[in-house]
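Below you'll find the structure, written out as structure tokens, and then a few comments.
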Amino acid sequence: MNLSEVRKEIESESAVAVLERVFERIEETKEFNAYITVCRERALEHAQAADKRRENGKSLSILDGVPIAVKDNMCIEGVKTTCASKILENFVSPYTATAVEKLEAAGAVIVGKTNMDEFAMGASNENSYFGRVINPVAKDRVPGGSSGGSAVAVASKTVALALGSDTGGSIRIPAACTGTVGIKPTYGRVSRYGVVAYASSLDQVGALSNNVKDLASVLDFMCGQDPKDNTSSSLPAANFGEHLGKDIKGKIIGLPKEYYAEGLDPKCKEVIETALAKLEKEGALLKEISLPSIRYAFESYCIIANAEASSNLSRFDGICYTRRSKEAKNLTDIYSMSRGEGFGSEAKLRILLGNYVLSGDFFNDYYVQAQKVRRMIAEDFSKAFSVCDIIASPAMPGLPKPLGISESDHLSMVLSDLYAVGVNLAGLPALVQPCGKLDGLPVGLQWIGKSFEESELLGVADAAERIF
């Protein structure tokens with residue numbers, strides 16, 4: 001399913017007819033547990049409005065009437081926003097996130113809120129209060145996290161487009177696991193207003209689809225400066241489809257030697273190298289590069305992300321809008337028991353680690369040092385882009401992990417983010433697309449672009465998509 005197919009169905013039938021089929025498909029694929037909330041009445045109202053506009057020759061955009069799913073850490077007025085956590089299971093948002101607001105202003109119809117790892121903390125989508133998400137590509141494998149519900153919504157063909165958020169690979173890992181395409185734009189390209197914060201200096205809203213062109217289409221409407229988000233860029237939104245349809249001849253593709261070394265599954269490496277050889281045959285130039293500081297990226301990411309998470313999640317205290325323990329007898333009980341009952345084990349772990357690295361005795365040894373390494377990593381990427389146009393790397397160290405891995409081998413699951421986190425630390429745009437299969441499972445290739453050059457990134461990925 002892609003955007004052009006949905007558009008044709010809307011034109012030949014109606015947005016309401018398309019929406020009804022989406023709801024039927026969601027019901028048929030309930031076993032995948034991709035959705036936490038389905039917005040039937042709200043979506044139907046918006047689809048009816050889209051049909052009236054079309055009948056009057058006043059359609060708003062290519063997205064008018066198109067069903068889209070949204071990760072459940074993005075607020076929508078009057079709809080539950082749970083972040084897949086018990087502590088927010090009954091929270092109804094009083095306002096709408098800017099990214100969602102912009103898509104709805106273009107006529108998009110939000111069909112539901114997708115399942116995720118609790119507070120976006122995880123790489124397997126097994127850390128949800130509402131149950132794990134199942135990968136339709138291989139039901140015994142994880143769909144990746146934390147935007148696993150959004151990836152599965154696309155992979156199971158309930159929608160052509162879904163929004164996700166990416167703090168350390170949370171869009172790109174699910175894309176790799178489900179054989180879909182996912183993009184994390186440059187930090188600041190999309191407003192974070194209305195997105196429940198995990199790690200504020202790393203979080204970024206992005207999207208998943210079944211092809212590159214559809215990602216360009218959704219970014220055209222979603223990006224731009226937002227006065228409600230001081231970290232949003234003042235740069236005007238680009239024409240993200242500008243380079244679509246062009247060939248790859250002459251493009252210099254940087255291959256970081258650190259990403260193709262020990263730690264990468266040899267068979268996955270072979271699939272990726274075969275894909276890159278196809279690009280070389282079409283005129284691309286492959287060039288080995290080095291990112292010397294990237295070896296410290298994972299540790300630095302863990303320190304910074306957990307530190308920011310412990311600060312951001314402190315607001316969920318059982319006092320205002322979160323779940324309050326019924327057993328609490330005093331203020332201390334409200335704090336400790338509400339948080340103890342409301343947060344899952346992964347969230348608790350990250351809060352504790354974050355508090356540890358921010359404590360007085362360890363702040364300089366851990367958090368300050370991690371920020372210094374972050375700057376070094378950004379400088380390494382900058383130097384690399386002086387000799388290449390774009391960077392290609394594995395999306396993950398291996399194939400999608402078996403279900404249950406987050407409990408049986410937590411470290412192995414967390415290391416799925418190994419090739420993803422450096423991009424978030426540097427604030428760069430990145431895209432993951434399938435480049436082949438191994439044992440019937442998808443293998444993802446990650447493209448890393450220059451800051452605010454999503455158009456170039458999408459153009460290269462589009463050319464690669466046609467070649468693959």
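The values are calculated or read from the model by the stated rules, or taken from the named source; none is laboratory data. All values reported here derive from a predicted model rather than from experimental measurement. Positions of Cβ are backbone-derived with ideal geometry, glycine not excepted, and every protein chain shown enters the neighbour counts. In case anyone asks, the SASA skips ligands and DNA or RNA and just uses the protein heavy atoms, side chains included. Shrake-Rupley method; radii C 1.70, N 1.55, O 1.52, S 1.80 Å.
Details
- Taking each residue of the stretch 89-110 that is of a type outside the set (A, V, I, L, M) and looking for partners that are open to solvent by less than 50 Å² (accessible area, probe 1.4 Å) and not in a loop (DSSP other than H, G, I, E, B) with beta-carbon atoms closer than 6 Å, six or more apart or interchain, yields Lys102/Met222; Gly107/Ala50.
- Search result, residues across the stretch 379-410 that are among the hydrophobic types (A, V, I, L, M, F, W, C), open to solvent by 20 Å² or more (accessible area, probe 1.4 Å) and either under 30 Å from Lys249 (Cβ atoms) or over 21 Å from the mean Cα position of the chain (by Cα) (or both): Phe385, Val387
- Looking at Ala175, Ala199, just one residue is under 15 Å from Met116 (Cα atoms) and either of a type in the set (Phe, Trp, Tyr) or at pLDDT 95 or above (or both), and that residue is Ala175.
- Residues of the stretch 44-63 that turn out to be open to solvent by 50 Å² or more (accessible area, probe 1.4 Å) and part of a helix (DSSP H, G or I), as a count: 8
- Qualifying positions in the stretch 231-272 - surrounded by fewer than 16 Cβ atoms within 10 Å (Cβ to Cβ) and outside any loop (DSSP other than H, G, I, E, B): Ile252, Lys257, Pro266, Lys267, Glu270
- Taking the stretch 437-459 as the range and being of a type in the set (A, V, I, L, M), surrounded by fewer than 24 Cβ atoms within 10 Å (Cβ to Cβ) and either in contact with a Phe, Trp or Tyr (Cβ under 8 Å, 6 or more places away or on another chain) or closer than 24 Å to Leu425 by Cα (or both) as the test, only Leu445 passes.
- Any pair with Cβ under 6 angstrom, 6 or more apart, that starts in the stretch 412-433 at a residue that is within 11 Å of Asp166 (Cβ to Cβ) and ends at one that is crowded, with 24+ Cβ neighbours inside 10 Å and at pLDDT below 95: Asp417/Ala123
- So Asp417, is it more than 19 Å from Ala151 (Cβ to Cβ) and modelled with pLDDT under 95: no
- Screening Ala162, Ala175, Ala151 for residues that are in contact (Cβ under 8 Å) with a residue 24 or more places away in the chain, open to solvent by less than 10 Å² (accessible area, probe 1.4 Å), part of a helix (DSSP H, G or I) and touching a Ser or Thr at 6+ places or on another chain (Cβ under 8 Å) leaves exactly one candidate, Ala151.
- Residue in the stretch 104-135 that is surrounded by the most Cβ atoms within 10 Å (Cβ to Cβ), counting only those that are more than 18 Å from the chain's Cα centre (by Cα) and outside any strand (DSSP E or B): Ala108
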